[in-house]
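No lab work stands behind these numbers, since they all come straight from the coordinates. For clarity, every value in this text was computed on a predicted model and none was experimentally measured. Neighbour counts are summed over all protein chains in view; Cβ atoms, including those assigned to glycine, are modelled from backbone coordinates with ideal geometry.
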Amino acid sequence: MDCLFCKIVSGEIPASLVRTGDRTIAFNDINPQAPTHVLIIPKKHCENVGELAVQDPQALQELFIAAEEIAALHSLAGYRSVFNTGAEAGQSVFHAHLHLIGGRALQWPPG
């Protein structure tokens, strides 16, 4: 499999790790959209969050636990958690991942 995030999980490609859990890892986004922009991914390859919810619901739960811990670590007063599902929604890496975005005021709707 030629998945960028699987290569990060395996250590084949380096990343700026923020947190490692039993089922997930988190690392800083290389193209941050806010002062804090962390990607939290399952170690197991699932194409999107729907597939992850079916195949490994505990990993999905751990993604949100990690988001809360990382937000606290960064002293965020608030944050946005985003899953892009499908190319039309902006998903460019087809391995489920949660964007944790914060550290500045965020507008709504997001665009």
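The set of residues in the range 1-24 being loosely packed, with under 12 Cβ neighbours inside 10 Å and more than 20 Å from residue 65 (Cα to Cα) consists of 1, 2, 10, 11, 12, 13, 14. Of the residues making up the range 44-79, those that are outside any helix (DSSP H, G or I), of a type in the set (D, E, K, R) and crowded, with 17+ Cβ neighbours inside 10 Å number 1.
Kindly indicate the residue of the range 5-41 that is in a strand (DSSP E or B) and within 19 Å of residue 106 (Cα to Cα) and also farthest from the chain's Cα centre (by Cα) among those meeting that condition. Among those that are in a strand (DSSP E or B) and within 19 Å of residue 106 (Cα to Cα), it is 36. Would you mind stating whether residue 96 is small (Gly, Ala, Ser) and within 12 Å of the chain's Cα centre (by Cα)? Yes; evaluated as a whole, the condition is true for this residue. The residue that is farthest from residue 33 (Cα to Cα), among those in the range 78-101 that are free of Cβ contacts under 8 Å to residues at least 24 places away in the same chain and of a type outside the set (D, E, K, R), is 87. Restricting attention to the range 80-111 and to residues that are part of a loop (DSSP other than H, G, I, E, B) and touching a helix residue (DSSP H, G or I) at 6+ places or on another chain (Cβ under 7 Å), the residue that is surrounded by the most Cβ atoms within 10 Å (Cβ to Cβ) turns out to be 96. Please verify whether the range 28-43 includes one or more residues that are surrounded by fewer than 19 Cβ atoms within 10 Å (Cβ to Cβ), aliphatic (A, V, I, L, M), out of contact with any Ser or Thr (no Cβ under 8 Å at 6 or more places or on another chain) and in contact (Cβ under 8 Å) with a residue 60 or more places away in the chain. Yes, there is a match, as at least one residue in the range 28-43 is surrounded by fewer than 19 Cβ atoms within 10 Å (Cβ to Cβ), aliphatic (A, V, I, L, M), out of contact with any Ser or Thr (no Cβ under 8 Å at 6 or more places or on another chain) and in contact (Cβ under 8 Å) with a residue 60 or more places away in the chain.
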